[in-house]
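The structure's right below; bear with me while I get my questions together.
Bear in mind these aren't lab numbers, they're just calculated from the coordinates by the rules spelled out. This structure is a prediction, so every number in the text was calculated from the model and none was measured. Virtual Cβ from ideal backbone geometry, glycine too; neighbours counted across all protein chains shown.
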Amino acid sequence: MKSDQEKRLESAGLASGSGRDKQRQRFAAVYFRIFMLQLALTCVLALVLMFKDFVTAYSAFIGGLLYLLPAGWFSLRVLIKNKAQTPREILANVYMSEAGKVMLAVALFSLVFVLVEPLNAAALFVTYILLQVTSWYLQLKLNHRFLKL
């Protein structure tokens, strides 16, 4: 017989055992697909912009990397290297990973603006924002739970 707390943990996807591992693997597969689609979008956008201007093309590529590196690091920490067992540990890991993601993004933006010259800031930010919006859209599209809303 399962207690009420165990039932609540299972319904939230936080139950221990193979069910949580399967769910984590499914989420990791979805995020990997999203990551690869965004990487492909970044490369295609940079290749198309090569016909316009080389600076614009590599600025767009850098903008894509500025989004993908911290997002990939966050997904790696939360979905793959997460050894937390209790809901409190899981939430603490998510918060710490998000804080690390923000710090990594700030550090990468700082390095790019200091070290990369010349830089098309508009292309960099447009690509960064495009990937952010693409991430939201793909998460809704690839996660079939949200399609029922």
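Sort W73, W136 so that the residue with the fewest other Cβ atoms within 10 Å of its own Cβ comes first and the one with the most comes last.
By the 10 Å Cβ count, ascending, the order reads W136, W73.
Once the cut-off is 24 Å, how many percent of the Cα-Cα pairs in the range 18-144 end up in the long-distance tail?
Within the range 18-144, distances greater than 24 Å cover 35 percent of Cα pairs.
Then there is this: In the structure shown, do any of K83/K141; K52/K141; K22/K81 have a Cα-Cα gap over 23 Å, and if so which?
K83/K141; K52/K141
With 10 angstrom as the radius, rank V106, V55, V78 by how many other C-beta atoms surround their C-beta, starting from the fewest.
Listing V106, V55, V78 from fewest to most nearby Cβ atoms yields V106, V55, V78.
Could you list L79, L108 in order of exposure, starting from the residue whose Cβ has the fewest other Cβ atoms within 10 Å? Present the calculation step by step, with values, prior to reporting the outcome.
Values: L79 19, L108 16.
Ranked by crowding around the Cβ, least crowded first: L108, L79.
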